[in-house]
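Novice: Sharing a structure here in structure tokens format.
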Amino acid sequence: MSHKPTGLALYDKTAEDAAAAVIASYSTSFGLAARLLGPRPRPHVRNVYALVRIADEIVDGPATAAGLDSTAARAVLDELEAETVAAIGRGFSSNLVVHAFARTARECGIGEDLIAPFFRSMRTDLLTTRHDETSHHEYVYGSAEVVGLMCLQVFVNAGARHPTAPDDDLTDGAQRLGAAFQDVNFLRDQHHDEDALGRDYLGLSTGASTRAEILDRIDADLTAAAAVIPRLPVDCRRAVTVAHDLFASLSARLRRESASSARVRVPNAVKAALAARAWLGFAPRRSTPRARA
């Protein structure tokens, strides 16, 4: 007897497969971490990542390459946000990635309080090219910290009958880990962002921040996040540990490489070693920040 899903179950599975294809195509590091998640949270985290990735692509290149100007890209982004919110309410979308995300949002308690700041930061990329301390903080909250909070909602609530709010320590850890990931990406992509996109997210071009200050802030955030990772559900700890350790390695390499124009990467052999370490249950590696964030 065949147990192949049909009807809505088949559509749900197809949507999840589409989200998994997005993460497989766009991120080897995130894909590696996701594979270490247990089967309970794994599809939901992929669903979150897929929506975030699609929104990012609207403002970061492919839409422009397709001939969209900033006004048209803004309209597409607005449509994506509206469809996302509507799909959460009605439980269906004709957009497979949105449908997958909406299923996760409904099950895990991801609401507009997290979705709206994310899309607001994405719109910022169409309007703002130079950030000061205040706009940087607002951008990072919407583009990265809320994504960490979405994932935390998944970690705590996937498979639960009713979603509940994570405690304050886990919430702070998720935000600081998201902020660290984003600042590492900004620092390693600094030259591309400036030359290809005309953006300065960190205030480096104006002297508002220095590389050392940014790296100290990153390491402080990574240290704070590492302290609460052992409190996550068991089927999430390995994945979050390897993601943390990958970015801690990137931070250390960025500090050693100074302002090199080459994009800093973690070699595949090192990634594999970090994944093995996390799989064996070792705690996240602790950074030694030189200054408190």
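Please treat every number below as a calculation from the coordinates, not as lab data. What you see is a predicted model; the values in this text were computed from it and never measured. When we count neighbours, we look across all protein chains shown, and the Cβ atoms used for this are built from the backbone with ideal geometry, even at glycine.
Novice: Can you check how the C-alpha radius of gyration of region 182-240 compares to 2.2 N^0.38 Å, as a plain ratio?
Specialist: Taking the Cα Rg and dividing by 2.2 N^0.38 Å, one obtains 1.46.
Novice: Based on other C-beta atoms within 10 Å, arrange ARG256, ARG130 from fewest to most.
Specialist: Going from least to most buried by this count: ARG256, ARG130.
Novice: With only Lys, Arg, Asp and Glu charged, each at its Cβ (+1 for the first two, -1 for the last two), find how big the charge dipole of region 7-279 is about the Cα centre; round to the nearest 20 debye.
Specialist: In debye, rounded to 20, region 7-279 gives about 1180.
Novice: Please list 3J(HN,Hα) in residue order for region 110-127, calculated via the Karplus relation 6.51 cos²θ - 1.76 cosθ + 1.60 where θ = phi - 60°; whole Hz, with x for glycine and proline.
Specialist: Those phi angles translate into 8, x, 5, 4, 9, 6, 4, x, 4, 5, 4, 5, 4, 5, 4, 5, 8, 10 Hz.
Novice: All other residues with a Cβ under 14 Å from the Cβ of ARG277 taken together, and with Lys, Arg as +1 and Asp, Glu as -1, what is their net charge?
Specialist: +4
Novice: Would you work out which of TYR11, ALA283, VAL52 lies farthest towards the positive end of the dipole of the chain, given +1 charges on the beta-carbon of Lys and Arg and -1 on that of Asp and Glu, about the Cα centre?
Specialist: Highest projection toward the positive end goes to ALA283.
Novice: To continue, here is another question. Could you work out the pair-distance distribution P(r) of the chain from its alpha-carbon pairs, with 5 angstrom bin width and percents rounded to whole numbers?
Specialist: 1, 5, 11, 16, 19, 18, 14, 9, 4, 1, 1, 0, 0, 0
Novice: Quick one: among ASP221, ASP167, ASP78, which has the greatest mean-square fluctuation in a GNM of the chain with alpha-carbon springs under 10 angstrom?
Specialist: ASP167
Novice: What are the residues whose amide H is under 5 Å from the amide H of ARG130, where those residues sit 5 or more places off or on another chain and H is modelled from the backbone?
Specialist: ASP200
Novice: Something else now. Report the full-extension gain for the segment LYS13 to ASP132: residue separation times 0.36 nm, less the Cα-Cα distance, to one decimal in nm. Walk me through the intermediate numbers first.
Specialist: Values: separation 119, 0.36 × 119 = 42.84 nm, distance 4.31 nm.
Extra length available between LYS13 and ASP132 comes to 38.5 nm.
Novice: Still on this structure: Dimensions of region 156-282 along principal axes (Cα, Å, largest first)?
Specialist: Between the extreme Cα coordinates on each principal axis of region 156-282 lie 49, 33, 24 Å.
Novice: Would you list PHE186, PHE247 from fewest to most Cβ contacts within 10 Å?
Specialist: Starting with the residue having the fewest Cβ neighbours, the order is PHE186, PHE247.
Novice: Shifting gears a bit: Quick one: what are the phi-derived ³J(HN,Hα) couplings along region 238-253, Karplus 6.51/-1.76/1.60 with θ = phi - 60°, whole Hz, x for glycine and proline?
Specialist: Karplus values, whole Hz, x for Gly and Pro: 4, 5, 5, 4, 5, 5, 4, 5, 4, 6, 5, 5, 4, 4, 5, 5.
Novice: Using +1 at the C-beta of Lys and Arg and -1 at the C-beta of Asp and Glu, which of ASN185, TYR26, VAL270 has the Cα lying farthest in the positive direction of the dipole of region 7-279?
Specialist: VAL270
Novice: Along the three principal axes, how long is region 14-134 when you take its alpha carbons, biggest first, rounded to the nearest angstrom?
Specialist: For region 14-134, the Cα spread along each principal axis is 40, 33, 33 Å.
Novice: Next question, about the same structure. How high is the relative contact order of region 7-279, in percent, with contacts defined as C-alpha pairs under 8 Å that are six or more residues apart?
Specialist: Relative contact order comes out at 20 percent.
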